[in-house]
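Asker: Have a look at this one.
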Number of protein chains: 2
Amino acid sequence: MSSKNILIIGAGRSSSSLIKYLLDESVKHNWHVTVGDMSLEMAKQKVKNHPNGNAILFDINNENQRNTQISNADIVVSMLPAFMHMSVANDCVRLKKHLVTASYVSKEMAALDADAKNAGIVLLNEMGLDPGIDHMSAMQIIDKLKAEGADITSFKSYCGGLVAPESNDNPWGYKFSWNPRNVILAGQGTAMYIENGKYKYIPYNRLFTQTEKIYIENYGYFEGYANRDSLSYRSAYGLENIDTMLRGTLRMPGYCSAWNVFVKLGWTDDTYKIENSHKMTFAQLLEAFLLESNQSLKKRLADFMNLSEDSEEIKKIEWLEIFTDKKIKTENGTPAQILQELLEEKWLLKKEDKDMIVMQHLFEYVSKGKKHLITSSLVAKGEDQTYTAMAKTVGLPAAIAVKMILLNKLDLEGVKIPTEKNIYEPILDELKLFGINFIENHC
Amino acid sequence: MSSKNILIIGAGRSSSSLIKYLLDESVKHNWHVTVGDMSLEMAKQKVKNHPNGNAILFDINNENQRNTQISNADIVVSMLPAFMHMSVANDCVRLKKHLVTASYVSKEMAALDADAKNAGIVLLNEMGLDPGIDHMSAMQIIDKLKAEGADITSFKSYCGGLVAPESNDNPWGYKFSWNPRNVILAGQGTAMYIENGKYKYIPYNRLFTQTEKIYIENYGYFEGYANRDSLSYRSAYGLENIDTMLRGTLRMPGYCSAWNVFVKLGWTDDTYKIENSHKMTFAQLLEAFLLESNQSLKKRLADFMNLSEDSEEIKKIEWLEIFTDKKIKTENGTPAQILQELLEEKWLLKKEDKDMIVMQHLFEYVSKGKKHLITSSLVAKGEDQTYTAMAKTVGLPAAIAVKMILLNKLDLEGVKIPTEKNIYEPILDELKLFGINFIENHC
């Protein structure tokens, strides 16, 4: 059995399950796993002195190091932020090494398709949760329905990274299990989808007021708001003529209408700086966004939103200590940065907390003249702060793909995403062993 | 008397009064005026075969032509869109020629200050209406009050390019006298100002709901909404410690709350394209932005805005034929482009129409322990479709500055704006001869 080298770039929160899986597998397959991060400490924490593992300080901007490390590898996994993949992807093409990422295919990545094919390697992207498990689990149903001759008329798909009910001790029902900044900026731009054959557009200023109730057995109701561009998924999923297609994000009930207060106030804006924000309190910042008046800030904010002072929305806002003399630390920050400072404290996933991933697909289709519904739902909970549900669902699909490529069980070339049966079927099967399992309801 | 050459680049709507003034003056001063535009026809229309004038086809991207024409000139006026000034400005520095523009000083322009000083030339910017006449008329009052030892506590300044009352025959009280695109996108971003010593921020999503009433003698009330960054004007005007500083835009009463319908709908968004917009009607586009229902579009839009169907806002929207099967022509356009298509037809300044510029400064100051108010107001009407109020107020300040520079009456070097007495005083004096005259009220 020939030895193989795996290079994992990025050892942050989302990489823990990926690294553990590949180290666990390395023993029987005689693999060596190098984990590189700009924090050597972080890489070491993840490798845990595993005999087949090696933690290194890795500087993505160091061309020599990139060249040496990628040359030594048989396959590379980039868990870097999406915008940092391209130098790695270019090196992989040049050095003829496979690459796996959990990020959306960017235009630059897509443009490498022919070069990757010429090099005889695969650039396999969107191998995480969303994108990743969403594609695979949806395509499994879509391909099955198509094979049966069914006509799929509607497909809605929601996903949320939330806190498990047993760890939910705040009125928002939300804690950060991934990049807080992305949560603050979520939904900016215009959501676009198609419903009953008609285009639908929801601008950001009312995105969080237009939610759909989603029911998940044993977990109750969630609320979903539409994601930016659902239209492009029609072609990705081979559903060009579908009447209804919507992708959305799940939150606990009540979250969206309270979050809408920040949207309307303008506190999610990341495009300009608040002069001298570090000399202000949160109450003073709020004051700067409200009309002058002698009434209390709470009353003025409630009036501004056409809410009562004892509404659930205002209670959620009050719980964040926004009406108080709590000092802002961020210097000359954007409103979004200042809100992030506050929420990182308030929505901290504590040591004993478990996170939870919830995903639901809702299909409507016509078969033999009859209308049918399928809901397919996934709930995955984290084990602890390291092996979170987010880390498992983002990392394991990529990890399994790496294994399959190294074992020559996946024969792929060019730029790919996991919408093909030969990719999604074995990966979804193996994910079940880790409790990542969709429950289908038909009616 | 030595002959001088003036090069004017850009012969669009805003250049007519500028060109006429300089051609008129050219006779007694022995000047030659070259007018270049990418449309030779447009340049010819403005030069009108004047013996001292010359219309040429001018391609701003043609380096050789730029070099030849600027070399031949003693002074250059660029009436191009602001983002196109820099190649001209760089040539002017290199060839040691003065430059006048009516645009805001960009960072790139500001960076040429030392080079312009070394070359012994002036790059005189913001010589139009807003920016231009606003600076000059404000600084005249500010300098006077400071000289009297007064403490200026509040300065608000509003300006609007509107339609004259006698030509106002539509419910919006608005017609395009300048770039329609800028009107559609106006106010995007967050307005920031200072009021009673406190920072104030108004996000775009409610900018048009927070208006101030402005009264102008003989013309009645207007409504003003805040412009983007009023804070930066504190240092520009030497009012670093002022308690209240706000700059805003004027519209006819009722315009803003009706325009807010488009803001809330998302129809001023220029960041994404509506797929197949050219196959849609305006009613269908509206449908795409509203929730599903069996009620009429008009009723649904009214409900969406919490307005009654017979409200003034909905009447204004209805007058635009948005509830009808009127076809959209723009192919895959952004919402803002599609709205512009409609408004360019509806808000067309007709041949016999006159436009109107309205500006008002409101000062509060304390002198000898007493509080005082000054309002200083300008109303300027166009003569016709060519010599509009917009063309006069934008073009004449630049034109007068050109004259003064050529007659050695302005000794300036480097990058300048007209906030200095030696610039604004003679120009404001001469503008009075053209009916551009501020009326002051003190109390």
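Asker: Taking all protein chains together and a probe of 1.4 Å, list B:Met404, A:Met252 from the most accessible to the least accessible.
Answerer: Solvent-accessible surface, decreasing: A:Met252, B:Met404.
Asker: While we're here: Where does the charge balance sit around B:Ser26 when Lys and Arg score +1, Asp and Glu -1, over other residues with C-beta under 15 Å from its C-beta?
Answerer: +3
Asker: Charges only on Cβ, +1 for Lys and Arg, -1 for Asp and Glu: so what's the dipole of the protein assembly as shown about the Cα centre, in debye to the nearest 20?
Answerer: Dipole magnitude for the protein assembly as shown comes out near 540 debye.
Asker: Per-residue ellipticity at 222 nm for chain A, helices alone: DSSP H runs ≥ 4 residues times -39500 (n - 2.57), over residue total, nearest 500 deg cm²/dmol?
Answerer: Computed ellipticity for chain A at 222 nm equals -10000 deg cm²/dmol.
Asker: Let me ask you something else. Please give the FRET efficiency for A:Lys371 paired with B:Asp59, using the beta carbon to beta carbon distance and R0 = 56 Å, rounded to the nearest 0.05.
Answerer: Once the sixth-power term is evaluated, E becomes 0.35.
Asker: Just want to confirm a number: the relative contact order over chain A, from Cα pairs under 8 angstrom separated by 6+ residues, in percent.
Answerer: 20
Asker: Placing a label point 7 Å from Cα toward Cβ, how far apart in nm is B:Ala283 from its equivalents in the other copies, listed shortest first to one decimal?
Answerer: Ordered by distance, the counterparts are at 5.4 nm.
Asker: Once you have a ≥ b ≥ c as the square roots of the Cα gyration tensor eigenvalues for chain B, tell me rounded if a/c is under 1.5, and otherwise prolate or oblate according to whether a/b is larger than b/c.
Answerer: oblate
Asker: Out of the DSSP beta bridges found with both residues in the protein assembly as shown, what percent are antiparallel (nearest 5)?
Answerer: Here the share of antiparallel DSSP bridges comes out near 60 percent.
Asker: In nm, one decimal, shortest first: how far is the label point of A:Lys329 (7 Å from Cα along Cα to beta carbon) from the matching points in the other copies?
Answerer: From this label point to the equivalent ones elsewhere in the assembly: 5.8 nm.
Asker: Hey, rough spin-label estimate for B:Arg234 and A:Thr324, points 7 angstrom out along Cα→Cβ, what's it come to in nanometres?
Answerer: In this crude label model, B:Arg234 to A:Thr324 measures out at 2.9 nm.
Asker: Compare A:His85, A:His50, A:His32 by solvent-accessible area with a 1.4 Å probe and give them largest first, with all protein chains kept in place.
Answerer: From most accessible down to least: A:His32, A:His50, A:His85.
Asker: Let me ask another. Give, rounded to the nearest 20 debye, the magnitude of the charge dipole that the range A:1-104 has about its Cα centre when Lys and Arg contribute +1 at Cβ and Asp and Glu contribute -1 at Cβ.
Answerer: Around 200 debye, computed over the range A:1-104.
Asker: Quick query: amide H of B:His32 versus all other amide H atoms, modeled in the peptide plane; which residues come in under 5 Å with a sequence gap of 5 or more or a different chain?
Answerer: Amide H neighbours of B:His32: B:Lys4, B:Asn5, B:Ile6.
Asker: So for A:Tyr201, B:Tyr204, what's the accessible-area order with a 1.4 Å probe, most first?
Answerer: In descending accessible area the options line up as B:Tyr204, A:Tyr201.
Asker: Here's another thing I want to ask about it. Quick one: of A:Lys4/A:Lys403; B:Lys44/B:Lys351; B:Lys146/B:Lys200; B:Lys381/B:Lys432, which pairs are farther than 18 Å apart, Cα to Cα?
Answerer: Table pairs above 18 Å Cα-Cα are B:Lys44/B:Lys351; B:Lys146/B:Lys200.
Asker: Give me the percent of accessible area attributable to carbon and sulfur for the protein assembly as shown, probe 1.4 angstrom.
Answerer: Carbon-and-sulfur percentage of accessible area, whole number: 48.
Asker: Still on this structure: Size of the dipole of the range B:303-384 about the Cα centre, Lys and Arg at +1 and Asp and Glu at -1 on the beta carbon, nothing else charged, in debye to 20?
Answerer: Approximately 720 debye in magnitude.
Asker: Moving on to the next point. Suppose R0 equals 41 Å. What FRET efficiency, 1/(1 + (r/R0)^6) with r the Cβ-Cβ distance, do A:Asp310 and B:Asp310 give to the nearest 0.05?
Answerer: Calculated value: 0.75.
Asker: For B:Glu41 and B:Thr68, FRET efficiency with R0 = 22 Å and r from the beta-carbon atoms, rounded to 0.05?
Answerer: 0.50
Asker: Which ³J(HN,Hα) values, rounded to whole Hz and listed in residue order, are derived for the range A:304-319 from phi using the Karplus coefficients 6.51, -1.76 and 1.60 in 6.51 cos²θ - 1.76 cosθ + 1.60 with θ = phi - 60°, glycine and proline given as x?
Answerer: 4, 9, 6, 10, 8, 4, 9, 5, 4, 4, 5, 4, 4, 5, 4, 4
Asker: Could you identify which residue out of B:Ala43, B:Ala336, B:Ala11 has the top mean-square fluctuation in a GNM of chain B using Cα springs shorter than 10 Å?
Answerer: Result: B:Ala336 has the largest fluctuation of those listed.
Asker: From the square roots a ≥ b ≥ c of the eigenvalues of the alpha-carbon gyration tensor of the range A:279-424, which class results: rounded (a/c under 1.5), prolate (a/b over b/c), or oblate?
Answerer: prolate
Asker: Which residue, A:Lys117, A:Lys370, A:Lys48, has the most motion in a Gaussian network model of chain A that connects Cα atoms within less than 10 Å?
Answerer: Between A:Lys117, A:Lys370, A:Lys48, it is A:Lys370 that shows the largest mean-square fluctuation.
Asker: Take A:Glu217 and B:Asn241, extend 7 Å from each Cα along the Cα→Cβ direction, and tell me the distance between the two endpoints in nm.
Answerer: 7.3
Asker: With a cut-off of at most 16 other beta carbons within 10 Å, and DSSP calling the residue loop, which chymotrypsin sites (Phe, Trp or Tyr not before Pro) in the range B:49-110 qualify? Please list them.
Answerer: B:Tyr104
Asker: Taking the axis about which chain B rotates onto chain A, which residue of B lies nearest it as judged by Cβ position, and how many whole Å separate them?
Answerer: Measuring from each Cβ to the axis, the minimum is at B:Asn205, 2.
Asker: Another question about this same structure. What are the nm distances, shortest first, from B:Phe434 to its equivalents in the other copies, labels at 7 Å along Cα→Cβ?
Answerer: Computed spacing set for this position: 7.2 nm.
Asker: Same structure again: Spin-label point model (7 Å from Cα, Cβ direction): what's the A:Val27 to A:Leu95 distance in nm?
Answerer: In this crude spin-label approximation the distance works out to 2.9 nm.
Asker: Accessible area per residue of the range A:1-52 at 1.4 Å probe, in Å²?
Answerer: 46
Asker: Using alpha carbon centroids, what distance separates the range A:1-60 and the range A:301-329, in Å?
Answerer: Each part's Cα centre sits 45 Å from the other's.
Asker: With no solvent and one point per C-alpha, what does the Debye sum give as log10 I(q)/I(0) for the range A:26-136 at q = 0.13, 0.18 Å⁻¹?
Answerer: One equal scatterer on each Cα of the range A:26-136 leads to -0.52, -0.98.
Asker: Per residue and in cubic angstrom, what volume does the convex hull of the Cα atoms of the protein assembly as shown have?
Answerer: Taking only Cα atoms, the protein assembly as shown has a hull volume of 201 Å³ per residue.
Asker: Moving to a separate point now. For chain B, modelled as a GNM with alpha-carbon contacts under 10 angstrom, which of B:Ser235, B:Ser167, B:Ser377 fluctuates the most?
Answerer: B:Ser235
The values are calculated or read from the model by the stated rules, or taken from the named source; none is laboratory data. This one's a predicted model, so the numbers in the text were calculated from it and none came from an experiment. Neighbour counts are summed over all protein chains in view; Cβ atoms, including those assigned to glycine, are modelled from backbone coordinates with ideal geometry. With ligands, DNA and RNA removed, areas are computed over all heavy atoms of the protein, side chains included. Shrake-Rupley method; radii C 1.70, N 1.55, O 1.52, S 1.80 Å.
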